[in-house]
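Contents: one structure, followed by commentary.
The values are calculated or read from the model by the stated rules, or taken from the named source; none is laboratory data. Source: prediction; values computed, not measured. Glycine also receives a Cβ, built like all others from the backbone with ideal geometry; neighbour counts cover every protein chain displayed. Each accessible area value is taken on the protein alone, full model and side chains, heavy atoms only, with ligands, DNA and RNA left out. Shrake-Rupley method; radii C 1.70, N 1.55, O 1.52, S 1.80 Å.
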Amino acid sequence: MSNIEISNSTFRHNGLTFNFLKRARISGNRFEDVAAGGSGVYGYNLDNSSIDHNVFKNVYQGMSIVLGDVENQGRNIIVSDNVGLGISRMGIEIQGKAPPRPGESRNLLVQGNRFSTWNNPAADTIGYSIVTDGGVGTKVIGNYVQTTLRTGIGIEISGENAVAERNYVDGFEVGITAYSAGDVITGNTIINSAHRPASTFGRSDVTVSNNDTVKVENQAPFEPDDPGDRRCIIQPSEHH
């Protein structure tokens, strides 16, 4: 399916599911009260699309997206400016297949999202799990994630030269983890980690630099209990 836009809608108890979705935009929607095992946005093989300015409230998982296993998918995906409160498992999960397929994602950007307040946390609680192992050009930039649980991982990245930069991570067991050669963790604020601010998963070819682990005065603005109506004016998609 191509050239689909889903906007300015509210989904309760169930979210959106897709397979092979191209040149699409999911924007300005609310996803509420999705029970254990469910996600607000769930699908396979997204391509040249964006998911932005949505609200996820009291959902088991905000997004769960799987890339890989086929050609001509996973390119130029933007996930930006989404808000989540009351998550149980992962805020945003974007993963590849096993074994990884080279190029299973290209130019994947996760930017400006804000997730906080985990409810009934799962064993594998993660703020942003952006792990397309065969991906190229993954960037996780300027996101906010906060919990008081002191368990799980704030952000995890993988893929060729993936970058986690200028993110604010507060209150997990491990702040940011990178799994692939050439990955970079830089310029992040990572505070209140129960175990360690950053982990290279035992690799010596991951760069960890210039991360702030003590300056709490740089804290992001307070997030209200209810993010309210974040629906936006939809502009034509710029993807081609």
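Looking only at the stretch 62-75, which residues are within 13 Å of the chain's Cα centre (by Cα) and surrounded by 24 or more Cβ atoms within 10 Å (Cβ to Cβ)?
GLY62, MET63, ILE65
Quick check on VAL163: is it within 17 Å of the chain's Cα centre (by Cα) and open to solvent by less than 10 Å² (accessible area, probe 1.4 Å)?
no
Of all the residues that make up the stretch 133-151, how many are open to solvent by 20 Å² or more (accessible area, probe 1.4 Å) and either assigned to a loop (DSSP other than H, G, I, E, B) or without any contact (Cβ under 8 Å) to a residue 24 or more places away in the chain (or both)?
Counting residues in the stretch 133-151 that are open to solvent by 20 Å² or more (accessible area, probe 1.4 Å) and either assigned to a loop (DSSP other than H, G, I, E, B) or without any contact (Cβ under 8 Å) to a residue 24 or more places away in the chain (or both) gives 6.
Would a scan of the stretch 46-61 turn up a residue that is of a type in the set (Phe, Trp, Tyr) and open to solvent by 30 Å² or more (accessible area, probe 1.4 Å)? Steps first, answer last, please.
Of the residues in the stretch 46-61, the ones of a type in the set (Phe, Trp, Tyr) are 56, 60.
Still in the list and also open to solvent by 30 Å² or more (accessible area, probe 1.4 Å): 60.
Within the stretch 46-61, one or more residues are of a type in the set (Phe, Trp, Tyr) and open to solvent by 30 Å² or more (accessible area, probe 1.4 Å).
Is it the case, given these coordinates, that PHE18 is without any contact (Cβ under 8 Å) to a residue 40 or more places away in the chain and open to solvent by 20 Å² or more (accessible area, probe 1.4 Å)? Break it down into steps so the answer makes sense when it comes.
Details: without any contact (Cβ under 8 Å) to a residue 40 or more places away in the chain: yes; open to solvent by 20 Å² or more (accessible area, probe 1.4 Å): yes.
In short, yes.
Got a number for residues in the stretch 23-37 being open to solvent by 20 Å² or more (accessible area, probe 1.4 Å) and without any contact (Cβ under 8 Å) to a residue 40 or more places away in the chain?
Of the residues in that region, 4 qualify.
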